Structure formats: C-alpha cells, structure tokens
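In what follows, a structure is listed as structure tokens, so that the remarks can point back to it.
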Amino acid sequence: MKIAVKKSILSANDRVAGENRARLDAAGVLAVNLMASPGAGKTSVILATAERLPVEVRPGVIEGDLASRIDADRVAGRGIPVVQINTGGGCHLDAPMVRSALAQLPLDAMEVLFIENVGNLICPAEFDLGAHLAVVIASAPEGHDKPYKYPGMFARADAVVLNKADLLDVFAFDLDDFRRGVALVNRKAPIFVLSCRTADGLGVWMDWMLDRQRDAAARGEQR
Ligand SMILES: Nc1nc2c(ncn2[C@@H]2O[C@H](COP(=O)(O)OP(=O)(O)OP(=O)(O)O)[C@@H](O)[C@H]2O)c(=O)[nH]1
Ligand SMILES: [Mg+2]
C-alpha cells in the first residue's frame, strides 16, 4: 500500500515536471537543480557562478528552504530575479512548487535558472523538478565518505561539485577516495573540485555548464 501511494505521488510529480521542462525548453532556459546538505555551499556556488556568467547569459534563481527568505535576499541583493519557496517542513522541492515559482519569474529575460533545493542529501534526489541538470554539491568539511553513505543522490547526478577545496587539507579530505565513491555509483558525472572562497576551479565548472546552456538555447530557437 505504502509503495503504491509513493508511486502515484511520484508519477503525479513527474507529469508536472514534464510540463515544467517543456516550458523551460520553449523559453530556451537551462535549469540546474542544485542539491546538497545544509551549508555545503549551494547559494555560494549559485552566486559565484552567476557573477561570472557572460553578459548574454542572464541568471534567475529559485530558492528552496524550509523557512526564511535569507537566501532569496542574498540573491536579490545581486540584482538577480529570484523566487523563494518555503516548504514549511518539507525536506525537498517538488515539481508543483517549481511550477508556481516559474509563473513568477521572467523566463524570457533569463538563459539559466538555478534551483537551490532544500539542504538534504536524501529526498531531493527522488523528485524530478523539470530541470535539465541535477548537480550534487559536496564540500570538504563533510568528509570524503558521503558518496558511499548517500549513493542515491550521487547516482542520479549529471555532475558533482566538490566545494570548499580551500579546506581539503584542514579536513584531511581524501580526494581519491571521494572520486572512487562517486565512480562506484556513477561513472558518467564529471567531478568539479572548486572553491567559492578562492574561485579556484570555478572556470572548469562554468565551461561545462555553459556548454549545456548553449544546447538549451538552441532547443529554444528550434521552437
Ligand atoms: N571556506 C569556504 N567556505 C565556503 C565556501 N563556499 C561557501 N562557504 C561558506 O559555507 C557557508 C555555507 O554556504 P552557503 O552557500 O550558505 O551554503 P548552502 O548550501 O546554500 O546552505 P543552506 O542553504 O543553509 O543549506 C557560508 O558560511 C559560506 O561562506 C568555500 O568554497 N570555502
Ligand atoms: Mg543556501
């Protein structure tokens, strides 16, 4: 019974996710779902990336948190269109939440949409939002064992960002072991080791993301 209910919730979610994706495709917007534990650096990665985008690639942001407008205010402070979703206790965003946020965003005036999911390495992986890319952010202070302990999240990722690279030595972070852990569940996702603090490694991540953004723009032009 429990499994049947879960399946039906997920399939209802997937329907709306498909509609969201179609809407984003029509607007030529690349949507990136950023998932990580609390404090890994989701908002920092969004801001560091947005700051370095070429002028013709305009960002928008959806912020997901249980409560508060703290992250949305940080983003709005940079002049970036943003919608805050408060889940009121829910541990992940879902496609209907994103649908209502899309209705409030100027999709025609943006080329890339960052969706910051609720800080959690478990539930967000199960819910398709209609984004084109699922990016998992891990960070040095969390330790190198996370891919082994939360395999579902890493298995579904299109890319893995390892943030706070400036702290690798401080936390005796074993990068090889981390890479092995990711490879156990996901052989395709590139791993970007970077630091929002020093900006090291941001360029490689941005090149990869902008390649995908160009594909999304081409999809929009074909319509
Ligand atoms: N040393 C270091 N600190 C960082 C880096 N990136 C982010 N931080 C710090 O990590 C803390 C959390 O960063 P956020 O970007 O707010 O993390 P988040 O994942 O958005 O957090 P929640 O939205 O609360 O889940 C802040 O104090 C940042 O300044 C980094 O590359 N190096
Ligand atoms: Mg945040």
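A short reminder: the numbers here are calculations on the coordinates, not readings from a lab. What you see is a predicted model, and the numbers here were worked out from it, not measured in a lab. Neighbour counts are summed over all protein chains in view; Cβ atoms, including those assigned to glycine, are modelled from backbone coordinates with ideal geometry.
What the Cβ-Cβ distance of V55 and D169 gives, at R0 = 30 Å and to the nearest 0.05, is a FRET efficiency of 0.25. Mind checking the dipole of the chain: about its Cα centre, +1 per Lys or Arg Cβ, -1 per Asp or Glu Cβ, Debye to the nearest 20? Roughly 580 debye, rounded to the nearest 20. State whether region 89-223 is rounded, prolate or oblate according to the following rule on the C-alpha gyration tensor (a ≥ b ≥ c being the square roots of its eigenvalues): a/c under 1.5 gives rounded; otherwise a/b larger than b/c gives prolate, and the remaining case gives oblate. In terms of gyration-tensor shape, prolate. Over every pair of different alpha-carbon atoms in region 65-105, take the mean of 1/r and invert it; report that Kirkwood radius in Å. Computed over region 65-105, the radius equals 10.8 Å.
Comparing R180, R15, R78 in a Gaussian network model of the chain where C-alpha atoms under 10 Å apart are linked, the largest mean-square fluctuation is found at R78. Could you please report the charge total around T43, scoring K, R as +1 and D, E as -1 over all other residues with beta-carbon less than 14 angstrom from its beta-carbon? Cβ neighbours under 14 Å give a net charge of 0. For the options M153, M209, M35, a Gaussian network treatment of the chain with springs between C-alpha atoms closer than 10 Å singles out M209 as fluctuating the most.
Placing unit charges on the Cβ atoms of the charged side chains and taking the dipole of the chain about its Cα centre, the candidate lying farthest along the positive direction among S37, A172, L10 is L10.
GNM on the chain, alpha-carbon springs under 10 angstrom: the most fluctuating residue among T43, T198, T87 is T198.
Taking every full run of DSSP H in the chain, the ones that stretch at least 20 Å from end to end by Cα along their long axis and average -0.5 or higher on the Kyte-Doolittle scale are 2-27.
Can you give the helix-only mean residue ellipticity at 222 nm for the chain, where every DSSP H stretch with n ≥ 4 adds -39500 (n - 2.57) and the sum goes over all residues, rounded to the nearest 500 deg cm²/dmol?
Per the formula, -12500 deg cm²/dmol.
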